[in-house]
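For reference, the structure is listed below as C-alpha cells.
No lab work stands behind these numbers, since they all come straight from the coordinates. All of these numbers come straight from a predicted model, not from anything done at the bench. When we count neighbours, we look across all protein chains shown, and the Cβ atoms used for this are built from the backbone with ideal geometry, even at glycine.
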Amino acid sequence: MSFIREPRRAQQPFLVLQSSVAQSSLGILRQLLEDSSSHSLLFCLLHPSLLSVNASRVEAFDLLDNVPGYNDNYEEPRHLILSAVKTAPDETLDFVIDSVDTLASDIGSIPQTYEFLCELVSLVRSRPNPSRLVLHILSPSPLLPLLCQTRFSPSLTHTISHPPALLRHLATEYLTLPPPLSPEAKFWGIFLPVSERMHESERLIFGSEGEGAGDDDEMLIEVIVRGDGGDGLRRRCVDRTLQGWSLTRGLGPLPDMVSLRPLFSRTVAEPSAADPTQNVSFNLNLTASQQKSRAQVPLPYMHEGDPGKPQKNPVASAAIFYDPDSADDLDDDDPDEDLDI
Amino acid sequence: MLSPFDLPAGILLLVTDQLSSPADFVLYRAVFDHLKAAKSDKVTKAIVLSVSPDRARWAAVAAKSNIQLDQKLTTGAFTFVDVISPKSEPDLRPAFDTVVSELGKSGGADVLVVVDDLATLEWTGTPVLDLTCFCRALAAACRKANATLLIRQHVLTPSTTEPILEDLFRTLHHMCTYHMEVLPLSSGRSGAVSGQVALHIGPGTVRAGVKLYPRSSAIHYKLADTGALFFERGTASGVL
C-alpha cells in the first residue's frame with residue numbers, strides 16, 4: 001500500500017482512514033505506525049492497543065484518561081495537540097489522531113472541531129520537511145463529509161474499509177463478480193451505492209445470517225486519491241481503487257484474499273443443455289442408409305408443388321372471391337345513377 | 001478468565017445479550033470464578049456496578065457456588081455499587097469515584113470490574129455521550145490498575161433481518177477488546193439447550209492466541225442450578 005510503504009507526503013499530506021462498525025481500519029493504522037520509515041506522533045484518545053506499537057518510532061500521547069467530567073486535571077485536547085505539533089522537531093513526521101469522533105465529542109462542537117482540524121492541517125503543510133496528518137474516523141460521522149471536501153485539503157488520500165462479505169453478497173444477490181472478472185464500470189456502478197448504504201454492510205455482519213463481527217484478518221480497502229497520485233504525472237483527478245489487505249500479508253490484489261477465493265475460482269463455463277440421447281440403454285442414432293431412406297419419405301399435409309406440372313393459375317394475381325348469401329342485396333346498377341348533381 | 005474461554009486479564013470485555021437469552025450466568029460465572037481463584041499469594045477482588053441492584057440475588061446465586069458473599073463484602077474482596085445515586089438524575093461520577101478508590105485500595109490484587117448494565121440508562125433518557133464518557137473513564141482507570149472490565153449491554157432482538165445497533169452499542173463495540181454475544185438458538189426455543197455463546201475479537205485488538213467462536217460455530221450452553229454447562233454444537237458432551 002503506497003501510502004504506508006512509500007508515502008508521498010509532499011503531494012499527499014492528508015490521510016483519512018475510515019472505519020465502520022462492520023469493519024475497522026485499526027489494523028491498517030497499526031501497520032502504518034509499525035512500517036513507517038519516519039517518526040510518528042500518536043495522539044491516543046480511545047484505542048489503548050495502539051500504545052504498544054513500535055515504541056522506538058512512535059511518540060505516543062496517552063489521552064485515554066483525559067475524559068471531560070471524570071478527570072480533575074482535564075486538559076483541553078486542542079491545546080495539547082497544537083502545542084505538541086508546534087514544538088515537534090522539523091524532521092518528516094506523521095501526526096496521527098486515533099479517534100477524531102472522540103476528539104469532536106470532547107470539544108463538544110462539530111464546527112469548532114472542524115476549525116481546529118483546519119488549523120492543524122495548515123500547520124502540518126507549513127512544516128519545513130514534508131509531513132502528514134493521519135486521521136482515523138468512525139462512520140457515520142458529521143465530520144467526514146467536511147474533511148473530504150477540497151476546501152479542507154485539495155489533496156486527499158481516503159481509505160474506506162469494507163468487510164469481504166460485501167463482495168460475496170454482490171456476487172450472490174447482484175450476480176456481479178469483482179474485477180477483473182467483471183467490467184470495472186459495471187462493478188463500480190453496483191458496488192458504490194451498496195457500499196454507501198451502511199445498513200447493508202451492518203446487516204451482512206450483524207444480521208441473522210452474519211457472523212457477528214467483521215473479519216479481523218482480511219478486509220477490502222477502497223482507496224480514493226485526490227490530487228497528485230504519484231505515478232510521475234501531475235494529475236488533477238480522483239482515482240478510486242479496490243484492494244485487499246491482510247493482517248499477515250499486507251496489501252495485495254483481490255484474488256489473493258483467502259475469503260474471496262471461492263469467487264475467483266469459479267470457472268466460467270457455458271451452460272450446455274443436457275443431451276437426452278446420451279446415457280441410455282438403447283440406440284437412438286441412425287445409420288447412413290436409414291437416414292437416406294427417412295429423407296425420402298413424403299411428409300403428409302405438406303404442399304409439395306411438382307415443378308414439372310403446369311400450374312392452374314400461373315399468374316398469381318390478387319382477387320377477392322365473394323359468395324353472397326340470402327341476406328345480401330347485390331345490385332349491379334350504379335346506386336348513384338338517380339343523382340342529378 | 002471465564003472458562004471455557006481462555007480470555008486474558010486486563011481486557012475490556014463487552015457482553016451483549018437479548019431478552020430471550022440473558023447473560024446473567026456469564027456475570028455470575030466471571031465474578032465467582034474470579035473470587036475462587038484467590039490463593040495465598042494472589043488476592044482477587046471483584047467490583048460490581050449495577051443499575052438495577054439485586055444484592056440478595058447475587059448472594060443466593062453465590063451460595064450455590066459455595067461463596068459467602070457477605071463474608072467477601074466484609075473483607076473487601078467483593079464490592080457492590082449502586083450506579084444510580086439517590087438524587088433524581090442519575091449521576092455516574094460518584095460510581096466512578098467509588099471504583100477508582102477501590103482500585104486504589106486493592107494494592108497488587110487482581111481486580112475484576114463488572115458493569116451491569118448501561119442500556120437501561122440509555123433507554124431511560126441518559127445521554128449516550130454521558131454514558132460513553134463514563135465507560136471511557138472507567139476503561140482508562142481499569143487499564144491503569146491492570147484490572148479487567150466487563151460491561152454487559154442489552155441489545156434488542158430484531159423482528160426482521162435488519163439488526164438493531166444502538167448508539168451506545170456502537171461506541172462500546174469500537175472500544176472493546178473482545179465481544180461476547182449470548183444469543184438465542186436460531187432454530188427457536190429448546191428445553192434442553194438454553195442458548196449459544198459467540199466470542200469475537202474487538203476492532204484493533206491483536207490476536208493473542210485466544211480461541212474465537214464466530215456465530216456459525218458458537219458453543220451451546222445449558223443453565224443448571226450450579227451454573228451454565230457449555231458444549232460444542234452438535235455434541236452432548238455428557239450434558240444433554
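In a GNM of chain A with a 10 Å cut-off on Cα contacts, which of A:SER326, A:SER109, A:SER246 has the highest mean-square fluctuation?
A:SER326
Among B:GLN68, A:GLN296, B:ALA228, pick out the residue whose Cα is farthest towards the positive end of the charge dipole of the protein assembly as shown, where Lys and Arg carry +1 and Asp and Glu carry -1 on C-beta, about the Cα centre.
About the Cα centre, the residue reaching furthest to the positive side is B:GLN68.
Work out the mean other chain Cβ neighbour count within 10 Å for the residues of A:67-74 and drop it here as an integer.
That works out to 5 on average.
Comparing A:ARG294, A:ARG127, A:ARG151, which has the greatest mean-square fluctuation in the GNM of chain A with Cα pairs linked when under 10 Å apart?
Residue with maximal mean-square fluctuation among A:ARG294, A:ARG127, A:ARG151: A:ARG294.
With +1 on the Cβ of every Lys and Arg and -1 on the Cβ of every Asp and Glu, and nothing else charged, how large is the dipole of chain A about its Cα centre, in debye rounded to the nearest 20?
So the magnitude is around 3240 debye.
Across the residues of B:196-206, average count of Cβ atoms on other protein chains within 10 Å?
Mean number of neighbouring Cβ atoms from other chains: 6.
Can you tell me the order of A:221-227, B:126-132 when each peptide is scored by its average per-residue count of other Cβ atoms within 10 angstrom, highest first?
Final packing ranking: A:221-227, B:126-132.
Taking N as the number of residues in the protein assembly as shown, what is its Cα Rg relative to 2.2 N^0.38 Å?
So the Cα radius of gyration is 1.45 times the expected 2.2 N^0.38 Å.
Could you work out the local net charge near A:ARG132, counting Lys and Arg as +1, Asp and Glu as -1, over the other residues with Cβ closer than 13 Å to its Cβ?
Within the 13 Å Cβ shell, the charges total +1.
Take the alpha-carbon positions of the stretch A:143-211, form their convex hull, and give its projected area averaged over all directions (one quarter of the hull surface) in nm².
If you wrap the Cα atoms of the stretch A:143-211 in a convex hull and average its projections, you get 5.9 nm².
In the Gaussian network model of chain B, springs joining C-alpha atoms below 10 Å, which of B:GLY76, B:GLY107, B:GLY188 carries the largest mean-square fluctuation?
B:GLY188
Within 10 Å of each Cβ in B:210-221, how many Cβ atoms from other chains are there, averaged over the peptide?
Mean shielding by partner chains, rounded to a whole number: 2.
To the nearest 0.05, how large is the calculated FRET efficiency for B:THR226 and A:ASP62 if R₀ is 41 Å and r is the Cβ-Cβ distance?
Approximately 0.45, to the nearest 0.05.
Compute the whole-percent fraction of alpha carbon pairs in the stretch B:1-112 spaced more than 19 Å apart.
For the stretch B:1-112, the share of Cα pairs beyond 19 Å comes to 50 percent.
Can you tally the net charge around B:GLY227? Count Lys and Arg as +1, Asp and Glu as -1, for every other residue whose Cβ sits under 15 Å from the Cβ of B:GLY227.
So the surrounding residues net to +2.
Here are some pairs, A:LYS86/B:LYS105; B:LYS72/B:LYS222; B:LYS105/B:LYS211; B:LYS72/B:LYS211; A:LYS186/B:LYS211; which of them have Cα atoms lying more than 30 Å apart in this structure?
Table pairs above 30 Å Cα-Cα are A:LYS86/B:LYS105; B:LYS105/B:LYS211; B:LYS72/B:LYS211; A:LYS186/B:LYS211.
Working only with C-alpha atoms, what are the Rg and Dmax values of the stretch A:23-158, expressed in angstrom?
14.3, 40
Could you size up the charge dipole of the protein assembly as shown around its Cα centre, putting +1 on the beta carbon of Lys and Arg and -1 on that of Asp and Glu, and report it in debye to the nearest 20?
4500
Which value results for Rg/Rh of the stretch A:163-267 when Rg is the Cα radius of gyration and Rh the Kirkwood radius based on the inverse mean 1/r?
Taking Rg over the Kirkwood Rh, I get 0.99.
Specify the angular offset, from 0 to 90 degrees and rounded to the nearest 10, of the alpha carbon long axis of helix A:184-196 from the longest principal axis of the alpha carbons in chain A.
60
log₁₀ I(q)/I(0) of chain A at q = 0.07, 0.12, 0.13, 0.15 Å⁻¹, via Debye over equal Cα point scatterers, no solvent, to two decimals?
-0.47, -0.95, -1.07, -1.31
Bin width 5 Å, alpha-carbon pairs only: give the P(r) of the stretch B:94-240 as whole percents, running from 0 to the bin holding the largest distance.
2, 8, 14, 17, 17, 16, 14, 7, 4, 1
Quick one: net charge around A:GLU209, please, counting Lys, Arg +1 and Asp, Glu -1 for every other residue with C-beta under 13 Å from its C-beta.
-2
Please name whichever of A:SER317, A:THR287, A:THR159 sits farthest to the positive end of the charge dipole of chain A, dipole taken about the Cα centre and charges placed at Cβ: Lys and Arg +1, Asp and Glu -1.
Value computed over the given set: A:THR159.
Only bridges whose two residues both fall in the stretch B:12-231 count here: according to DSSP, what percent of them are antiparallel, nearest 5?
If we restrict to bridges inside the stretch B:12-231, about 35 percent are antiparallel.
Using helices alone, I'd like the mean residue ellipticity at 222 nm for chain A: each DSSP H run of four-plus residues gives -39500 (n - 2.57), total over residue count, nearest 500.
-8000 deg cm²/dmol
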